[in-house]
Amino acid sequence: MSEVVRLTLVSHAMTDAMAAGRFPIDEPLNARGLRQLDATVELGPVDAATCGPEKRTRQTAELLGLRAEVDDALADLDCGTWRGQVLGGVAPAEMAIWLTDASQAPHGGESVVDLMARVRDWLASLGSRRGRLVAVTHPAVVRAAVLVALDAPPKSFWRVDVGPVSRTVLYLRGQAWTLRSTSGATG
């Protein structure tokens with residue numbers, strides 16, 4: 001095993017909600033998502049794999065050939081009462097609050113600040129691990145992990161674009177996470 005943790009975060013493949021511009025629900029991958037995974041997604045050797053509890057992350061992990069353990073810390077950002085709604089169907093004032101104040105959750109779900117705290121705790125739990133880890137999760141969780149690794153403010157959350165089946169590699173050396181690379185599909 002190596003002296004560092006190499007964490008590859010894989011964003012799940014396309015779903016109908018993503019394609020339609022709706023807030024996510026617990027749904028499987030759509031036909032486009034299945035085709036995205038037919039393309040070669042090179043992960044290299046893997047010592048351990050985890051995934052979020054939702055169908056789309058479990059299915060992505062399975063189609064990538066990973067034997068992933070479900071970890072609730074990798075669950076998607078809880079969008080509360082907005083689940084399943086089209087983005088344009090949300091009251092503009094509520095959307096503006098959510099997009100400009102990372103501590104707010106006008107949908108009654110989880111704020112960006114809360115998500116970042118959850119992801120920070122999860123990343124900290126990996127400190128005793130070593131080797132090459134893969135986590136199949138959601139764009140929001142990947143964004144949060146990048147911000148935690150860079151010690152960036154929560155207001156930067158919406159400035160990180162994470163596409164379906166993209167890969168983001170972080171390294172943990174000592175107590176500090178480093179962003180190594182991002183690659184993969186963008187839509």
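In table form, for the structure just shown:
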read-out	value
Part-to-part distance (alpha-carbon centres) for region 1-47 and region 69-119, which is given in Å	20
Surface share of carbon and sulfur [accessible, 1.4 angstrom probe, percent] for the chain	50
Overall dimensions of region 1-68 by Cα: Rg and Dmax, Å	13.2, 43
Max mean-square fluctuation residue, GNM over the chain, Cα-Cα springs under 10 Å, options A152, A75, A102	A152
Mean accessible surface per residue for the chain, computed with a 1.4 Å probe while every protein chain stays in place, in Å²	49
Read-out mean projected area of the Cα convex hull in nm², derived from the coordinates shown; its label in [x] 9.6; [y] 16.7; [z] 12.1	[x]
Modelled FRET efficiency - R0 35 Å, R120 with A31, Cβ distances, 0.05 increments	0.45
R0 of 45 Å, Cβ-Cβ distance E94-S128: FRET efficiency to nearest 0.05	0.65
Residue-span extension gain [L150 to Y171] - 0.36 nm each, minus C-alpha spacing	6.4 nm
For q = 0.20, 0.23, 0.27 Å⁻¹, Debye-computed log10 I/I(0) when each Cα of region 54-118 counts as one equal scatterer	-0.84, -0.96, -1.12
Gain on full stretching of the segment that runs from A48 to S181 - 0.36 nm per residue minus C-alpha separation	45.9 nm
Protection proxy ranking of 141-149, 19-27 - average other beta-carbon atoms within 10 Å, highest first	141-149, 19-27
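The values are calculated or read from the model by the stated rules, or taken from the named source; none is laboratory data. These numbers come from a predicted model, not from an experiment. A quick note on method: Cβ atoms are made from the backbone with ideal geometry, for glycine too, and the neighbour counts reach across all protein chains shown. Ligands, DNA and RNA are stripped out before the accessible areas are found, and what is left, the full protein with its side chains, is counted by its heavy atoms. Shrake-Rupley method; radii C 1.70, N 1.55, O 1.52, S 1.80 Å.
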